[in-house]
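Each value in this text was obtained by applying a stated rule to the coordinates, not by laboratory testing. This is a predicted model, so every value here is computed, not measured. We place every Cβ from the backbone using ideal geometry, glycine too, and count neighbours over all the protein chains shown.
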Amino acid sequence: MDAREQLLQAAIKVYSASGVRGATTKRIAQEAGVNEVTLFRHFGSKDALLHEALALSARALFESGLPAEPTDPATELGAFARNHYNALWDHRELIRVAMGEFGDHPESTQVACESSAQFDRELKSYLTQLKTMGLAAGDWEPDAAASMLLGTLFADVMGRDCMPQCYSGFSQDAAVGHYLSLFLRAIGVEAGASDSRGPFSFPGVAGAVR
């Protein structure tokens, strides 16, 4: 790993722990194992480094993985939900810090979420195609459906470890399967028979979170 990549990863780690104010160039350079001169040579300023690091992290977080044209919605949405849940879980501390700093440092939050708009559009486009192609049934709006699915996954990730009492009825391992079972029924997609616990068995969804 070269110095530039080390600095980007170090910036995300320090920012996730301490926010903008705590993410000093000295701390980031120390975490990366380089000196501050190297940091400034590669990025010019702390703001430029954080901007690039947060944008890089956002792109990794908001890669939907959905195909351009739906063919098997249960499988495709199952894989999408599992991958997105894992990405949110891996970045939950960064997301919490970015949201908490919105009042004082809105630019950091905006950079961290830059890719989410494109991600949201991709999911809405995919759901719209499901209706157009007759792969989903019922009277529902793609925008509302996308918000429901994304909001449910986000709420679980943000709340499961700090409000465990709200999620005591089902394990983290089973969560995505439960959510997808309800979601697919709501949009009129058939996904096969359910198991004894309630959720459908989705290829790419069953099994441990990871």
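The figures follow:
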item	result
Ranking of 122, 36 by count of other Cβ atoms within 10 Å, fewest first	36, 122
Taking 147, 57, 168 and counting other C-beta atoms within 10 Å, the order from fewest to most	168, 147, 57
Efficiency of FRET between residue 75 and residue 172 - r from beta-carbon atoms, R0 22 angstrom, step 0.05	0.55
Hydrodynamic radius by Kirkwood, which averages 1/r over all alpha carbon pairs of the stretch 3-58, in angstrom	10.5 Å
Residue 24 paired with residue 36, simple spin-label distance in nm, labels 7 Å along Cα-to-beta-carbon	0.8 nm
For residue 21, net neighbour charge (Lys/Arg +1, Asp/Glu -1) across residues whose Cβ lies under 9 Å away	-2
Residue-count net charge about residue 93 - beta-carbon cut-off 11 Å; Lys, Arg +1, Asp, Glu -1	+1
Ascending count of other beta-carbon atoms within 10 Å, so fewest first, for 50, 66	66, 50
Sequence-distant lysines (8 or more away, or on other chains) whose Cα lies within less than 23 Å of residue 13	26, 46
Cα-centre dipole for the stretch 3-58 with unit charges at Cβ (Lys and Arg positive, Asp and Glu negative), debye to 20	140 debye
